[in-house]
Number of protein chains: 6
Amino acid sequence: MTSNGSAAALDSTGREALHHVGTATITTQLLDRGLRNTFLQGPRPLHPQRTRMVGEAFTLRCIPAREDLDVLSVFRDYDHPQRTAIETAPPGSVLVVDARGQTRAASLGHILATRFRQRGGAGIVTDGAVRDLAGFTRLDLPTYAAGASPTTNLAQHHVVDMQLPIGCAEVPVYPGDVIVGDEDGVVCIPRHLAAEVARDAMEQERLEEFVLSRIEEGRPLRGTYPPDQQTLADYHAH
Amino acid sequence: MTSNGSAAALDSTGREALHHVGTATITTQLLDRGLRNTFLQGPRPLHPQRTRMVGEAFTLRCIPAREDLDVLSVFRDYDHPQRTAIETAPPGSVLVVDARGQTRAASLGHILATRFRQRGGAGIVTDGAVRDLAGFTRLDLPTYAAGASPTTNLAQHHVVDMQLPIGCAEVPVYPGDVIVGDEDGVVCIPRHLAAEVARDAMEQERLEEFVLSRIEEGRPLRGTYPPDQQTLADYHAH
Amino acid sequence: MTSNGSAAALDSTGREALHHVGTATITTQLLDRGLRNTFLQGPRPLHPQRTRMVGEAFTLRCIPAREDLDVLSVFRDYDHPQRTAIETAPPGSVLVVDARGQTRAASLGHILATRFRQRGGAGIVTDGAVRDLAGFTRLDLPTYAAGASPTTNLAQHHVVDMQLPIGCAEVPVYPGDVIVGDEDGVVCIPRHLAAEVARDAMEQERLEEFVLSRIEEGRPLRGTYPPDQQTLADYHAH
Amino acid sequence: MTSNGSAAALDSTGREALHHVGTATITTQLLDRGLRNTFLQGPRPLHPQRTRMVGEAFTLRCIPAREDLDVLSVFRDYDHPQRTAIETAPPGSVLVVDARGQTRAASLGHILATRFRQRGGAGIVTDGAVRDLAGFTRLDLPTYAAGASPTTNLAQHHVVDMQLPIGCAEVPVYPGDVIVGDEDGVVCIPRHLAAEVARDAMEQERLEEFVLSRIEEGRPLRGTYPPDQQTLADYHAH
Amino acid sequence: MTSNGSAAALDSTGREALHHVGTATITTQLLDRGLRNTFLQGPRPLHPQRTRMVGEAFTLRCIPAREDLDVLSVFRDYDHPQRTAIETAPPGSVLVVDARGQTRAASLGHILATRFRQRGGAGIVTDGAVRDLAGFTRLDLPTYAAGASPTTNLAQHHVVDMQLPIGCAEVPVYPGDVIVGDEDGVVCIPRHLAAEVARDAMEQERLEEFVLSRIEEGRPLRGTYPPDQQTLADYHAH
Amino acid sequence: MTSNGSAAALDSTGREALHHVGTATITTQLLDRGLRNTFLQGPRPLHPQRTRMVGEAFTLRCIPAREDLDVLSVFRDYDHPQRTAIETAPPGSVLVVDARGQTRAASLGHILATRFRQRGGAGIVTDGAVRDLAGFTRLDLPTYAAGASPTTNLAQHHVVDMQLPIGCAEVPVYPGDVIVGDEDGVVCIPRHLAAEVARDAMEQERLEEFVLSRIEEGRPLRGTYPPDQQTLADYHAH
């Protein structure tokens, strides 16, 4: 399932590249294309050890809860949009939740996250909170959240629909956009740019690793960072 | 056009009642029915003199802008959702904009508001900003906003769809809900409760006016506020 | 009733002085005595025309509401602390409410405020909100609040006790401290300093009015503001 | 010492139960009883490894400091409310500090915390900060704070009284309420509900562990979460 | 005195134009040139009646105060940077103060503002507060501030230098940039763009007034806003 | 290079002392000298294991970026102030960046930090963010930041000058002030006080270690903390 078109956003080379390059490199590539607002400020990786994530966005939208509609009994409905999302998001996708930046109640808990992992989900991002952090820590699924709250989602959130364009942490996320996470957090790459950004980011990062090694040898910034003609020649020769 | 059903949410008596009672009374009626989160904290009336507003919600949703999509040329599209909303919202409706509480750019400007007024719109509410405050001041249309910003909406907002349930100022607003505004701000009455809330609020307010007159005569709270049996008897007799 | 001691904090001269000097002068006098945190940032005067207020603090403390305790029926209790405060605060006092800076629900409404005015109250200050702004506008009682909300207080607040030391807008307020308000907002003068601050503020303000008249005549800051020996001599001679 | 009554809030079974169930389960039990605001948003556990805490609330209230009252010499007073609280809170209690959410200065330091631990304290919660994080890390006492600050408390706080009802992180806390902490943070159980919540939470969690094991086996949400008749039968049979 | 070069940023025609066009128009012109961050979010006009302001920026920078340096006696120094700025800013300039968005103490008071007015200053902008609002109300000088505080500036601010590039309300302001204010607030036009923006804004606004008159006649958005070929022809013919 | 004078702020004894005492002790010493605002609230240590930092402040100031000035090509300028700062700050200095508390883009990245480390820099402090957290984790340089962001600095920041007095996290920092960091965060010691604070803090901490050992033995606060005559005698005798 692809959301912005019929083909995958990335071939396996592109996907592989995005598993290696950092979000720092990706945001620079996007800035170079005129996009300044692609980093989701707020969500942090829950596990310092499981921070690399790549996948296509599957979006879920929450509005504020209403006490007469959002009662515990709605959880009995297996066709509730939240559960439908978990059961229909394609393998390899990243569930991106618009929780309006509200962390008083959780966006979702780790039983749903476990099912999502079982179905092949690539990761979860919310600008709200998750509940049962201990459970998430045991789960092998990259997850990024802006907070933790034990309170079940319907105390503050009403999951209303899925696969519509959303805002998450004040970044626009369209279904099928490519979501990448690492220690710095999460970036959203517009789908049509994913392949070229992956390619150019890979090249940029190779060069920066060379530059870094030179700096670590004690060279000054001048001539090295950014690389001048000589350094570039050395890079291409090494 | 009604959004949550085929009939109007209010008959003329109910609508008249809501033009007279205050939001302070309405929120108490809603609290008495278990609804604690019905006041839109943030939006303030732009004109102290034109603050009474009643109408059914016509919702508009914004997500964050993306620099390559949200360019000045999109305004040339007469079928842009923002313009479509202005041209299709039924007379008597209140345009409620989910701007995610962001006020750096405006949610809309006063030329669109003028057209909305021409078409019989009852008011505008946004949890974001409006631009051209001077223009709004000359316009006979109750408007509630969380701020002012001269910047055109696409610098921060992408109007994505309309007539879906939204959050506005962290209150759930479903299309067709009844929106009431006064000096204290804006309250959202779930559509199915509008008629009974209008009726009971009218009665509550009559009693409170009587109580207030007694307090203004110098009576103590005890026996008067809340009214005891004697005061109630006096009220019914007056 | 005096709270920090048996005598009044101010004689009539001092009280008169504080009705004339501005909070700008008072805070400078307090700063000169080592007190940097005496201005209540947040509460604004509700009426631009009725902003002068002087009185001794009568404190009221709110904690967050609990849904099972804070139900509408508690209002039937005439001995509820909120009502007791309104009925027992001495004439000339300023009701200062610690609402933890929370404005989602009101700290109090205008029927209680009307009773407080009837009993001779000098003003009301809250770091939360008031409800029924229209009612407050008709009431001849200086009131300072950080916001407006139609929602009744028990949706967010539980009035728990009175006449204890509190924080209001992150300033310490002890019962009996002298509270002064003007267009800039509200300042709290520790009770034992009230008389000397009143006297010195009066003198400072007289001098500043002279300085201002000189500046308005076109004189430069040098020699005039602050006044040098010559300007001081002119001041004492005029 | 019990604060809301003469008996303990929990027997040993209940206390044991609360040491095992998560705050995620407890908040659901409280929500089911109509209480939506029981999680203290803000305070985080200082040690990821020492997060389980159960005890009755012993409350301490701070108001903003005043420069002439809150000077270093007050620490010489062994009967200062802060020290009195540390020396009188009963073994097994949790010290809950209302610091108005202010983290610029600490609520307390680790020497006092060490004494509290020596006296059998079960834990510390503040919606402010603690100082000397390194010291806290070496101390075997669950502690939850909203921040860290090296600055001693009297630079911002005046400890004014103890064992009054307070707000902490915008949750009402009455002396004797049962405070539970885990990785998600801290929840406050009203004292009279503690026993039944402990019992029902234990049962809920057993069922959820069974459900989780099924989800981990690859079963879909439908039929499993929430459990349908068949899954419930399997649960009771396993 | 011009700060970014030797010539004035605007001739009299340009200056006149900017006195007539709104900031809403100016920000659109700047957005069209790729500048999205030119509106100073926060500062509001102090007088609804005196909101039009045009002038070149004269910048003043504040850092946080230090108790041993920022004592009342520094005001005795006539060469204090704050006083020097007031006495040296050229006639027609707008004093723009970087107060780091901090409003607990004032950025300046109305005696200094009166002197600035006497010297021909065109206006004052601060992302902090002003003190003595009543005094400012009597002064014929457009002033924009983010708040009011009676507290003198050195309780929170140390005026450190002037005529350096600053941030004000998170907008870059270079000395000599053209600052325009109206009811919506304040916008900063980079100096080298001021003339062309003034010219094009004037033209845009004339067209929008024509469009508005058409909308007020009852025409639909389609064809009118934005104007199509026919409407443009009508505009040029009218 | 020393910034506030010709001599070093600290001799080797003083510097050694500040490597051992905590910021909790230092802030108390500063409070005792009347300085209440010396802790940089916000920046947190990036490595829990590399938190001890002592050095003289080398300041760098950022203003908001402007899209036409802050483009990727400016990085080609080796004399850009950011690079000049990295190449000229003396060994042993701490780079302190005024990023106005803005964390949407990074203040600097780890290639520059690596060069700074190579040149003998003692640490980095920013009230903004850093990018490439993974890189910083591998770098042996104490770094304190208020957040992480992969976005390169010029998307939000324009580095404008260096070695001027700045505010960082609302604390004044003058070039040459002594900056100390530990697990609690960062404190700024005015240069002229550094030597005496170092000496007195060392003494205070020795005493507190003795007091702590007594508390750990089970002694009550009374007589021990603060130490009475007997405890002081024991301390001096041990």
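The values are calculated or read from the model by the stated rules, or taken from the named source; none is laboratory data. Predicted, not measured: the structure shown is a model, and the values here were computed from it. Reconstructed Cβ throughout: ideal geometry from the backbone, glycine too, with neighbour counts over all protein chains shown.
Does B:Leu133 count as at pLDDT below 95, buried (at least 24 other Cβ atoms within 10 Å of the Cβ) and not small (Gly, Ala, Ser)?
So B:Leu133 fits the description; yes.
Return yes or no: is A:Val187 in contact (Cβ under 8 Å) with a residue 60 or more places away in the chain, part of a strand (DSSP E or B), surrounded by 24 or more Cβ atoms within 10 Å (Cβ to Cβ) and within 14 Å of chain D (Cβ to nearest Cβ)? Spell out how you get there, then give the answer.
On the way: in contact (Cβ under 8 Å) with a residue 60 or more places away in the chain: yes; part of a strand (DSSP E or B): yes; surrounded by 24 or more Cβ atoms within 10 Å (Cβ to Cβ): yes; within 14 Å of chain D (Cβ to nearest Cβ): no.
So A:Val187 does not fit the description; no.
Does any residue of region F:75-98 turn out to be in contact with a Ser or Thr (Cβ under 8 Å, 6 or more places away or on another chain) and of a type in the set (Val, Ile, Thr)?
yes
Within the group D:His158, D:His192, which residue is at pLDDT 95 or above and within 30 Å of F:Asn37 (Cβ to Cβ)?
On inspection, the qualifying residue turns out to be D:His158.
Hey, can you tell me all the residues within region F:54-73 that are modelled with pLDDT under 95 and either on the phi > 0 side of the Ramachandran plot or more than 14 Å from chain E (Cβ to nearest Cβ) (or both)?
F:Leu72, F:Ser73
Condition test on A:Val94, is it in contact with a strand residue (DSSP E or B) (Cβ under 6 Å, 6 or more places away or on another chain) and either among the aliphatic types (A, V, I, L, M) or without any contact (Cβ under 8 Å) to a residue 60 or more places away in the chain (or both)?
For A:Val94, the condition - in contact with a strand residue (DSSP E or B) (Cβ under 6 Å, 6 or more places away or on another chain) and either among the aliphatic types (A, V, I, L, M) or without any contact (Cβ under 8 Å) to a residue 60 or more places away in the chain (or both) - is met.
Okay, residues lined up against (1) touching a strand residue (DSSP E or B) at 6+ places or on another chain (Cβ under 9 Å); (2) outside any helix (DSSP H, G or I); (3) of a type outside the set (Asp, Glu):
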| site | (1), (2), (3) |
| --- | --- |
| A:Thr25 | no, no, yes |
| A:Thr28 | no, no, yes |
| A:Leu31 | no, no, yes |
| A:Leu69 | yes, yes, yes |
| A:Ser73 | no, no, yes |
| A:Tyr78 | no, yes, yes |
| A:Gln82 | yes, no, yes |
| A:Pro90 | yes, yes, yes |
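Go through (1) more than 10 Å from chain B (Cβ to nearest Cβ); (2) in contact with a helix residue (DSSP H, G or I) (Cβ under 6 Å, 6 or more places away or on another chain); (3) closer than 28 Å to D:Met162 by Cα one by one and return the number of the condition C:Asp200 breaks.
Failed condition: (3).
Working only within region D:97-115, note down all residues that are outside any strand (DSSP E or B), among the hydrophobic types (A, V, I, L, M, F, W, C), facing chain F (nearest Cβ under 10 Å) and in contact with a strand residue (DSSP E or B) (Cβ under 8 Å, 6 or more places away or on another chain).
The answer is D:Ala105, D:Ala113.
Would you point out which residue out of F:Leu207, F:Leu221, F:Leu193, F:Leu212 is among the hydrophobic types (A, V, I, L, M, F, W, C), assigned to a loop (DSSP other than H, G, I, E, B) and surrounded by 14 or more Cβ atoms within 10 Å (Cβ to Cβ)? Don't jump to the end; show me each part of the working.
On the way: F:Leu207 fails: assigned to a loop (DSSP other than H, G, I, E, B); F:Leu193 fails: assigned to a loop (DSSP other than H, G, I, E, B); F:Leu212 fails: assigned to a loop (DSSP other than H, G, I, E, B).
Step by step, each of F:Leu207, F:Leu221, F:Leu193, F:Leu212 is checked, and only F:Leu221 is among the hydrophobic types (A, V, I, L, M, F, W, C), assigned to a loop (DSSP other than H, G, I, E, B) and surrounded by 14 or more Cβ atoms within 10 Å (Cβ to Cβ).
Taking the conditions exactly as written (more than 16 Å from the chain's Cα centre (by Cα) and in contact (Cβ under 8 Å) with a residue 12 or more places away in the chain), does E:Ile124 satisfy them or not?
No: the conditions fail for E:Ile124.
Looking only at residues that are basic (Lys, Arg) and modelled with pLDDT of 95 or more in region C:21-45, which one is nearest to the chain's Cα centre (by Cα)?
Applying the first criterion (basic (Lys, Arg)) to region C:21-45 yields C:33, C:36, C:44.
In the following step, the residues that additionally are modelled with pLDDT of 95 or more were identified as C:33, C:44.
Values: C:Arg33: 20, C:Arg44: 10 Å.
Filtering region C:21-45 for residues that are basic (Lys, Arg) and modelled with pLDDT of 95 or more, the one nearest to the chain's Cα centre (by Cα) comes out as C:Arg44.
Check off (1) within 13 Å of chain D (Cβ to nearest Cβ); (2) touching a residue at least 12 places away in the same chain (Cβ under 8 Å); (3) part of a loop (DSSP other than H, G, I, E, B) for F:Ala9 and give me the number that stays unchecked.
If we test F:Ala9 against (1) within 13 Å of chain D (Cβ to nearest Cβ); (2) touching a residue at least 12 places away in the same chain (Cβ under 8 Å); (3) part of a loop (DSSP other than H, G, I, E, B), just (1) comes out false.
In region B:69-89, how many are loosely packed, with under 13 Cβ neighbours inside 10 Å and over 24 Å from A:Arg191 (Cα atoms)?
2
Return yes or no: is A:Thr23 facing chain F (nearest Cβ under 9 Å), touching a Gly at 6+ places or on another chain (Cβ under 8 Å), within 19 Å of F:Ser149 (Cβ to Cβ) and crowded, with 24+ Cβ neighbours inside 10 Å?
So A:Thr23 passes the test.
Among the residues that make up region E:162-180, is at least one of them among the charged types (D, E, K, R), over 27 Å from F:Arg104 (Cα atoms), in contact with a helix residue (DSSP H, G or I) (Cβ under 9 Å, 6 or more places away or on another chain) and surrounded by 24 or more Cβ atoms within 10 Å (Cβ to Cβ)?
Within region E:162-180 (the criterion being among the charged types (D, E, K, R), over 27 Å from F:Arg104 (Cα atoms), in contact with a helix residue (DSSP H, G or I) (Cβ under 9 Å, 6 or more places away or on another chain) and surrounded by 24 or more Cβ atoms within 10 Å (Cβ to Cβ)), the answer is no, since none of the residues qualifies.
For D:Thr224, state whether it is over 15 Å from D:Ala24 (Cβ atoms), more than 10 Å from chain A (Cβ to nearest Cβ) and polar (S, T, N, Q).
Details: over 15 Å from D:Ala24 (Cβ atoms): yes; more than 10 Å from chain A (Cβ to nearest Cβ): no; polar (S, T, N, Q): yes.
Judged against the criteria, D:Thr224 is not a match.
What residue, among those in region E:135-160 that are of a type in the set (Ser, Thr, Tyr) and not in a strand (DSSP E or B), is farthest from the other protein chains (Cβ to nearest Cβ)? Quick ask: steps written out before the conclusion?
In the first step, residues of region E:135-160 are kept if they are of a type in the set (Ser, Thr, Tyr); the result is E:137, E:143-144, E:149, E:151-152.
Still in the running and not in a strand (DSSP E or B): E:137, E:149, E:151-152.
Numbers: E:Thr137: 8, E:Ser149: 6, E:Thr151: 5, E:Thr152: 5 Å.
The selected residue is E:Thr137.
Take the residues of region A:174-221 that are of a type in the set (D, E, K, R) and touching a Lys or Arg at 6+ places or on another chain (Cβ under 8 Å): which is nearest to A:Gly14 (Cα to Cα)?
Once the filter is applied, the top-ranked residue is A:Asp177.
Search region B:33-53 for residues being assigned to a strand (DSSP E or B) and either among the charged types (D, E, K, R) or within 14 Å of chain A (Cβ to nearest Cβ) (or both), and hand back the single one that is farthest from B:His80 (Cα to Cα).
Only one residue tops the list, namely B:Phe39.
With (1) surrounded by fewer than 19 Cβ atoms within 10 Å (Cβ to Cβ); (2) over 18 Å from A:Met202 (Cβ atoms); (3) at pLDDT 95 or above as the list, and A:Pro48 as the residue in question, which single condition is left unmet?
With (1) surrounded by fewer than 19 Cβ atoms within 10 Å (Cβ to Cβ); (2) over 18 Å from A:Met202 (Cβ atoms); (3) at pLDDT 95 or above applied to A:Pro48, the lone miss is (3).
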